Amino acid sequence: MHIYFAGDHAGFELKQKLMEFVRSLGHEVEDLGPLEPKSGDDYPDFVIPLAQKVVGKPSTEVRGIVVAGSGQGEIIAMNRIKGARAALHAPGPQMLPLIIASRDHNDSNIFAIGARFCTLDEAKNGITVWLETPFSNAERHIRRLQKNDQYGS
């Protein structure tokens, strides 16, 4: 699978480590920036192009991972792109069920990680579960995704 990465200055160091981790899992990785840590950069400049690239290909071939300060603004921005289904990493005791649901129920194609709120091991574990969890293809989930796309921009 081809995995696009993007983020902001706050997630830069963690993004570098996670790109190596994802490569070690056998995936192709492409860094959409930032390519160097620059305080005050604007995440939309990096995450909007990531979302556009992800939705331009079938989800079985490509996904995106965003590593930024919180991940919150990033998922808001990316989910404005029709077909983008960005989910936020949720570290803590409920992490795995939420990540699984984001794939199984919502066919998330972008995974956002808040670098200020999780450890490297939590991020690696979340990515592994997210990449390995298939979409259920259940009729009710497909119907809901179609409705979301109907109202998307």
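The values are calculated or read from the model by the stated rules, or taken from the named source; none is laboratory data. Everything numeric in this text was worked out from a predicted model, so none of it was measured. Cβ sites come from the backbone with ideal geometry, for glycine too, and all protein chains shown count toward neighbours.
Restricting attention to segment 123-151 and to residues that are of a type in the set (Asp, Glu) and more than 14 Å from residue 85 (Cα to Cα), the residue that is modelled with the highest pLDDT turns out to be 132.
Apart from one condition, residue 33 fits all of (1) modelled with pLDDT under 95; (2) over 22 Å from residue 134 (Cα atoms); the exception is (1).
Being at pLDDT below 95 and either buried (at least 24 other Cβ atoms within 10 Å of the Cβ) or more than 22 Å from residue 19 (Cβ to Cβ) (or both) narrows it down to one residue among 64, 92; which is it? Just a single option satisfies the conditions, and that option is 92.
Considering only helices (runs of 4 or more DSSP H) fully contained in segment 60-148, which possess at least 3 residues that are free of Cβ contacts under 8 Å to residues at least 12 places away in the same chain?
Answer list for segment 60-148: 95-104.
Scoring residue 74 on the criteria (1) farther than 22 Å from residue 129 by Cα; (2) at pLDDT 95 or above leaves a single failure, condition (1).
Has segment 4-18 got any residue that is under 13 Å from the mean Cα position of the chain (by Cα) and without any contact (Cβ under 8 Å) to a residue 60 or more places away in the chain? The answer is no, given that none of the residues of segment 4-18 is under 13 Å from the mean Cα position of the chain (by Cα) and without any contact (Cβ under 8 Å) to a residue 60 or more places away in the chain.
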